[in-house]
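For reference, the structure is listed below as structure tokens.
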């Protein structure tokens, strides 16, 4: 058997396999035996008819086809083993020559497992992350806490910034000429000026109105992708005509940050403003540190990717992109939103969204390939106890269904996936170590970080 290999594109191999005539002759003999065993010839028991009668009954072409259908896949598998290739899917086979007495020649084109040539990943450099929770970040949390306990009180005068109006709204949105404008009516809507989701121009349109006033005004609805008559995607703004009648006007009354406020938001855990501020700062630091560690990991992986050379079949990237698309569609479906609606709201097109998925898919494949290669280069290993610990911790997070989760995670496939995940994270930790380690906080003491779970009602938002 002679085999030559070409690479028509990255990550794809085309094998040209040539088999000597005697191999084809042997394959034909075996094919004829198999056919005779399942063919009935008048006057003979099945499998006992002379081979020439069987050949005459089924035809020469059927015998040759049977031989080729067995010989070609078997020869392909042998060629792959001899060359040490790692295909990720079945090949596309094409018969080049199969004439009696001549060598049998076929080609096999197949996508291969991604390959990487590692760069000098131990000397990569990244911009270090700085953990520094600002006073402004703490103030924003205090503002959120005050807003969460604010009340809306009746207001005299006219509509201004941050006020709430209770109003009837009629909106006529410009549509295509055939279907006409699209009308939406909402009665008794609570609308906060500056935080209502209406397009720019709405807030200024109601500015200065008083209770009992009715006002009409037009705003330009932001451009969103639409399909034109010729099937192409076009982006065009539309006019929206609003009719607003104000029934009530209110202002937001924010509580004073005094001792009573502190006791309320901390459920009695803290007595003074300083105690609350220290708790908020510690929690923001923990969250900021967590995010900084994640960004550091992404940075070192991206830096190592940039210094490496990859061979990835385009087909694999497409499959990964389709997988990511399915995940996003399922995620939006759980939130009762379609991808099409999401694209409209964000001003994206199908093309730009698919380009983002394609880019993300390629990055994920490169990251996995890179980390697996580093695991092998560094000789990293994972022992059974590490997998057991991961299984136990994951199962514990499902207290009402821990037994079932533990059983599923202890299957051979699941344990193999967990082991791979642990090894890849060890590779990331190696990369982080080469750039000096993970970032450390600079504005909070270790005792504050280890203080445990906070009791103040504040979302853990990282500082900017």
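Worth pointing out:
- Complete set of residues in segment 97-124 that are over 15 Å from residue 72 (Cα atoms), touching a strand residue (DSSP E or B) at 6+ places or on another chain (Cβ under 6 Å) and surrounded by fewer than 14 Cβ atoms within 10 Å (Cβ to Cβ): 117
- Comparison of 233, 227, 296, 272 shows that the only residue that is touching a helix residue (DSSP H, G or I) at 6+ places or on another chain (Cβ under 8 Å) and at pLDDT below 90 is 233.
- Within the span defined as segment 358-366, every residue fails to be within 15 Å of the chain's Cα centre (by Cα) and under 30 Å from residue 238 (Cβ atoms).
- All positions within segment 79-96 that are part of a helix (DSSP H, G or I) and either at pLDDT below 90 or surrounded by fewer than 13 Cβ atoms within 10 Å (Cβ to Cβ) (or both): 81, 82, 83
- Flag for residue 64 being in a helix (DSSP H, G or I) and buried (at least 17 other Cβ atoms within 10 Å of the Cβ): yes
- Restricting segment 299-339 to residues that are touching a helix residue (DSSP H, G or I) at 6+ places or on another chain (Cβ under 8 Å) and outside any helix (DSSP H, G or I), the residue that is modelled with the lowest pLDDT: 338
- Among the candidates 242, 202, residue that is at pLDDT 90 or above, within 30 Å of residue 157 (Cβ to Cβ), surrounded by 14 or more Cβ atoms within 10 Å (Cβ to Cβ) and in contact with a helix residue (DSSP H, G or I) (Cβ under 8 Å, 6 or more places away or on another chain): 242
- The single condition among (1) modelled with pLDDT under 95; (2) part of a strand (DSSP E or B); (3) exposed (fewer than 13 other Cβ atoms within 10 Å of the Cβ) that residue 256 does not satisfy is (2).
- Contacts under 8 angstrom Cβ, first residue in segment 401-417 being closer than 14 Å to residue 389 by Cα, partner in a loop (DSSP other than H, G, I, E, B), 6 or more apart: 405/398
- Selection status of residue 286, surrounded by 16 or more Cβ atoms within 10 Å (Cβ to Cβ) and within 19 Å of residue 121 (Cα to Cα): no
- The condition of being surrounded by 12 or more Cβ atoms within 10 Å (Cβ to Cβ) and touching a helix residue (DSSP H, G or I) at 6+ places or on another chain (Cβ under 7 Å) does not hold for residue 170.
- Pair list, Cβ under 9 Å, 6 or more apart: segment 125-137 residue in the same structural domain as residue 435 (by TED's automatic domain parsing) and surrounded by 12 or more Cβ atoms within 10 Å (Cβ to Cβ), other residue at pLDDT 90 or above and in a helix (DSSP H, G or I): none
- Filter result for the condition that a residue is assigned to a helix (DSSP H, G or I) and modelled with pLDDT under 95, over 368, 363, 404: 404
- Scanning segment 97-115 for residues that are part of a strand (DSSP E or B) and free of Cβ contacts under 8 Å to residues at least 12 places away in the same chain yields one hit, 97.
The values are calculated or read from the model by the stated rules, or taken from the named source; none is laboratory data. Just so it is clear, the structure is predicted and the values come from calculations on it, not from any experiment. Using ideal geometry, Cβ is built from the backbone for each residue, glycine included, and neighbour counts are taken over all protein chains shown.
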